[in-house]
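Report on the following structure.
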Amino acid sequence: MTEPEGKPGSRKGRPNYDREFRRRLAAAACEPGVSVAKLARDNGINANMLFTWRSRYRAQLQAETTPLIPVAVVHETPPARVAMSAQASGVDHRTPRNGTIEIRIGSALVKVDGAVDAETLRLVLGSLQS
């Protein structure tokens, strides 16, 4: 007797799970409070396999998100220029720039009034991405 021929690329003894099945379980494994080991056991698969699927699923979601967001200039005013006297020319008196930056990322809103340190703003925006 000969063995039945499988699909090209299929491996004997190892099931080839449907792509939709893998995606559905990986998405379920990303839900808060879900035990990946219990989810894997309930579906008859190895927990390490589900961890791998979940990792690939998260990487795919990250790749699909666009790093750039649309920006709209609401009101643009040139910075105010202040004339300095000859006596004060040796002293560094900077006038703070007035303005507002409003950034919406998903349900989060970051609103910045006045002058802001660029590094601080970078840290705040970076924390919203994770």
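Please treat every number below as a calculation from the coordinates, not as lab data. Fair warning: this is a prediction, and the values are worked out from it, not measured in the lab. Reconstructed Cβ throughout: ideal geometry from the backbone, glycine too, with neighbour counts over all protein chains shown.
Among 36-48, 112-124, what's the highest-first ranking by average C-beta atoms within 10 angstrom per residue? List each step's numbers first, then the result.
Details: 36-48: 13.5, 112-124: 10.7.
Descending mean neighbour count gives 36-48, 112-124.
For the range 19-64, a simple Cβ point-charge model (Lys and Arg +1, Asp and Glu -1, everything else neutral) yields a dipole of about 120 debye relative to the Cα centre.
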